[in-house]
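**Q** Dropping the structure in here first, questions after.
A short reminder: the numbers here are calculations on the coordinates, not readings from a lab. The model shown is predicted, which means the values in this text are computed figures rather than measured ones. Please note: Cβ atoms are built from the backbone with ideal geometry, for glycine as well, and neighbour counts cover all protein chains shown.
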Amino acid sequence: MAETDWRKEEDAILLRPIFATGRTYYLVVAVLGALVLWGLVSYIVQYENGLGVTGMNFPVSWSFYIINFVFFVGISHAGTLISAILRLSQAEWRRPITRIAEVITVLVLGIGGMNILIDLGRPDRLMNLFLYGRYQSPLLWDATSITAYFTASSVYLYIPMIPDIAVLRDRSPPGWRSFLYRVLAMGWAGTERQHKVLNRAVAIMAVLVVPIAVSVHTVVSFVFSMTVQPMWHSTIFGPYFVVGAIFSGIAALLVIMAVLRKVFHLEDYLQPIHFSYLGLLLLVMVLLWFYFTFAEYLTTYYGNEPNEMRVFFAKLSGKYAPAFWAMVACNFAIPLPILAFRRTRTILGTVIASISIIIGMWLERFIIIVPTLANPRLRQYAQGSYAPSIVEIGIMVGCFALFSLLYVLFSKLFPIVSISEVREGREKTVEIVKERLDRYKPGLGKLPRATT
Amino acid sequence: MATPRNSSAPGGPWVFRTQLALLAGFSAFASLVILWIARLIYVSYTLHDVFSASIGIALIAVPIFVFLTCMVHYVFWGLRRGGRP
Amino acid sequence: MPRWGMVIDLDKCTACQACVVACQVENNVPVVEEKEYRRRRAMSWMKIVSETEGSYPDVSQRFMPRPCMMCDNPPCTRVCPVHATYLNPEGLVAQIYPRCIGCRFCIAACPYTVKYFNWYDYHDRGPDELRKADNPDVSARPKGVVEKCTFCHHRLMKAKDKAAVENRPLRQGDYIPACVETCPSRAMYFGDLSDPESQVAQLAKSPRAFRLMEDLGTQPKVVYLSERKPYG
């Protein structure tokens, strides 16, 4: 019978979430749904009454929503880095991770874009953006590049998924899901010509997606660095934000990997070595992030420009000092020792470091945005202040819940670990790596040739 | 791999129609984005408002969307052709 | 094409705030309730900025009226995504209220912090008595829209209309913003900076003349004349 066919599959455990639904699933969906509803209700309150229901004021006219926008768009770099760069560098250990990362990217870009819409004072006038937009404004650069990245990463998520959907198509009992899989499988039969088409497409997309991703977070940083405000108008912002994005992306990926491993019993596929390798990448990003932050703050301090110094001291010893030093602790002091030593770079260790980094990177966005706004050049508003309101907290919780909910729904419909890639790895990894080693084994005097 | 049941058989005309609709939807989306960019170039020209910025962004963004549409079409028709014996 | 500018003589300014009140009444600037004031949402297009120097007993305070600087190189218009704020040919940085989507980028970009945002429908929520004082020539702004000093642009429109009806060109003194008109100590001057004969153009060349944050390159068209002798 088709329904039990899937259990006989070699990687049945990867198909289990799709075909077998337990009680926990419904519970999780219900809880997440309730949180999303809280966010939705908060937004309706805001839409009806105006942005006054938030904690934003004068001069801090940007806060939670913009912070969340930058934060979520930053996490989208998880997909690109892992999927595209590891594919391009032919790292074999990427195989179970690619789809997990790609789904994060697509979902998180949507939610990031949604946060900008939530921040608008007149979302009902959104058409003005399409009718009267100005490409001199960094917000338009944002809109265009995020649209491009969202489209590209959706395509990049879908194309390698086709063989997996074909497996589902062949195992599905008749119903709307069978129809869905038959449609999305695009007639995949695993022929050689089809493999060629797919591999070529994936290889090209992997190359294309990287510069688009870099451009996205660069233009997000340009929203701040293109103004003349103290500690925003910094040339380092472009690379700084990209580094921060990759940083928070890997951390988010690690957390989600750990959760999926636990919930779906993926111990065979997501092994400690995957966490260790990603942990090493995360370590590099810790050091890179620290380097950029140090360069930024040292330059400001040495320059001693009065307006910038007011913002500088507000961050380091003034009103925002707790947030600033918490950020440094979460992004550097805590993860560095955990990730630096193999003994602590376990699954638990990397997850703790990642959670710390996620909190730290959210704080970093806060520290970049709010203190500059609160200390404007014209001192009439010296020491502006800001505290979030319940509406902003509700919407933020709703965003996180929406991300989790959509992720859960995705894993219900499609395999969250790329079955075809894992299988290809199982069949061909040894061969691929052996061929590669043959190419640079010294002193054999052999030309590379096709292995049998 | 166990013998697939529904395999590569089209499984009814509705499957192909839906696939075609999805492809058309994607192409329409990309076209709308390109149309949007064109509109913004036009607006910046008539309002004498930094025309160069619009052209600059368009030179990068439009090829990306054109390329993505071509890629999607390549995969769609390529898989269809490759599935036929 | 005239380029409208303002000169404010800080020596004559007594910081009485008549200009602030006049602007508020003329332009239907919303009065926010006390709760909103405490949440730092008060709006005043014209604002007296004060700076205290030194400490007791050697204190001195300086006061500067701060309207919109009407920069010739405005940082705010560059970043507007929908062309809702723009530099018009007569040198005024104008706002198109129906087009503004409330993204508040211009507020974040302005180094003089002259732009304000309607966090609620303040105009409609204001006390009824103030409704009677509304100026019908100026549109009230709904929630979610950015606003700022416009050099009483509606007065310019009226003056142009009057001149057109009377078949004559616009004269010096036809168009004058409410703050300039109200100032009891006649500390404010207004006119066409591009007309070398005009009073503002000549005052702007005075050795006492300075502009705020000139080094930013915004080319503000509000010129201040510094006090003649040390204050106090």
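**Q** What is the Rg over Rh value, at two decimals, for the stretch C:189-232, using alpha-carbon atoms and the Kirkwood definition of Rh?
**A** Details: Rg = 11.6 Å, Rh = 11.5 Å.
With Rg and the Kirkwood Rh in hand, the quotient comes to 1.01.
**Q** So what is the relative contact order for chain A, in percent, with contacts set as C-alpha pairs under 8 Å and at least six apart?
**A** Values: 562 pairs, mean separation 131.0, N = 452.
The value is 29 percent.
**Q** Can you give me the orientation-averaged projected area of the convex hull built on the Cα atoms of the stretch C:4-225, in nm²?
**A** For the stretch C:4-225, averaging the hull's shadow over all directions gives 14.1 nm².
**Q** While we're on this one: Using only the Cα atoms, work out Rg/Rh for chain A, with Rh taken as the Kirkwood radius, to two decimals.
**A** Numbers: Rg = 23.7 Å, Rh = 23.7 Å.
Reported Rg/Rh (Cα atoms, Kirkwood Rh): 1.00.
**Q** Going by a ≥ b ≥ c, the root eigenvalues of the Cα gyration tensor, does the stretch A:245-327 fall in the rounded group (a/c under 1.5), the prolate group (a/b larger than b/c) or the oblate group? If you can, show how the numbers build up before the last one.
**A** On the way: a/c = 5.19, a/b = 2.72, b/c = 1.91.
Cα axes put the stretch A:245-327 in the prolate bin.
**Q** Give a quick list of chymotrypsin sites (Phe, Trp or Tyr not before Pro) in the stretch A:1-103 that DSSP marks as loop, anything other than H, G, I, E or B, with at most 15 other Cβ atoms within 10 Å. Please report the intermediate quantities before stating the final value.
**A** Numbers: sites: A:Trp6, A:Phe19, A:Tyr25, A:Tyr26, A:Trp38, A:Tyr43, A:Tyr47, A:Trp62, A:Phe64, A:Tyr65, A:Phe69, A:Phe71, A:Phe72, A:Trp93; in loops: A:Trp62.
Within the stretch A:1-103, no chymotrypsin sites (Phe, Trp or Tyr not before Pro) qualify (loop, at most 15 other Cβ atoms within 10 Å).
**Q** Right, next: Placing +1 at every Lys and Arg Cβ and -1 at every Asp and Glu Cβ, with all other atoms neutral, what dipole size does the protein assembly as shown have around its Cα centre, in debye to the nearest 20?
**A** Values: 78 positive and 56 negative charges, 381 e Å.
The calculated dipole for the protein assembly as shown is roughly 1840 debye.
**Q** Which angle between 0 and 90 degrees, to the nearest 10, do you get for helix A:64-75 versus the longest principal axis of chain A when only C-alpha atoms count?
**A** Orientation of helix A:64-75: about 30 degrees from the principal axis.
**Q** Determine the distance separating the Cα centre of the stretch C:62-79 from the Cα centre of the stretch A:208-281; give it in Å without decimals.
**A** That distance is 38 Å.
**Q** Continuing with this model, one more query. In the stretch C:82-232, how many lysine pairs have Cα atoms under 24 Å apart, counting only pairs 8 or more places apart or on different chains?
**A** Lysine pair count for the stretch C:82-232: 13.
**Q** Also: Would you mind estimating how fast the stretch A:1-148 diffuses translationally, via Stokes-Einstein at 10 °C and 1.306 mPa s with the Kirkwood radius over Cα pairs, in µm²/s? Please report the intermediate quantities before stating the final value.
**A** On the way: Rh = 19.0 Å.
This corresponds to a translational diffusion coefficient of 83 µm²/s.
**Q** Can you compute the helix-only [θ] at 222 nm over the protein assembly as shown? Use -39500 (n - 2.57) per DSSP H run of at least 4 residues, normalise by all residues, nearest 500 deg cm²/dmol. Please report the intermediate quantities before stating the final value.
**A** Numbers: 29 runs with 435 residues, N = 769.
Only helices count here, giving -18500 deg cm²/dmol.
**Q** Next up: On a straight-distance basis, which lysines could pair with A:Lys8 in a cross-link, Cα separation under 21 angstrom, same-chain partners fewer than 8 positions away excluded?
**A** Excluding near neighbours in sequence, the set is A:Lys412.
**Q** Separation of the stretch C:161-222 and the stretch A:6-20 by C-alpha centroid, Å?
**A** Here the answer is 78 Å between Cα centres.
**Q** Report Rg (one decimal) and Dmax (nearest whole number) for the protein assembly as shown, counting Cα atoms only, units Å.
**A** 30.5, 100
**Q** Would you list, by chain and number, the aspartates and glutamates whose Cα falls below 18 Å from the Cα of A:Lys262, excluding same-chain residues fewer than 8 positions away?
**A** A:Asp11
**Q** Ignore the peptide's own chain and count Cβ atoms of other chains within 10 Å of each Cβ in C:120-131; give me the average, rounded. Please list the in-between numbers first.
**A** On the way: counts 5, 3, 2, 0, 0, 2, 0, 0, 0, 0, 0, 0.
Mean number of neighbouring Cβ atoms from other chains: 1.
**Q** Give the average over all directions of the projected area of the C-alpha convex hull of the stretch A:128-177, one decimal, in nm². Don't skip to the end; give the middle numbers.
**A** Details: hull surface 21.5 nm².
Averaging across all directions leaves 5.4 nm² for the Cα convex hull.
**Q** How large is the translational diffusion coefficient of chain B in µm² per second when you combine the Kirkwood radius over alpha carbon pairs with Stokes-Einstein at 10 °C and 1.306 mPa s? Each step should come with its number before you reach the end.
**A** Values: Rh = 15.7 Å.
This corresponds to a translational diffusion coefficient of 101 µm²/s.
**Q** So what is the relative contact order for chain C, in percent, with contacts set as C-alpha pairs under 8 Å and at least six apart? Mind showing how you got there, number by number?
**A** Numbers: 417 pairs, mean separation 71.9, N = 232.
It comes to 31 percent, rounded to a whole number.
**Q** Once the cut-off is 19 Å, how many percent of the Cα-Cα pairs in the stretch C:67-146 end up in the long-distance tail? Mind dumping the intermediate values first?
**A** Details: 1305 of 3160 pairs.
Tail of the P(r) past 19 Å holds 41 percent of the pairs.
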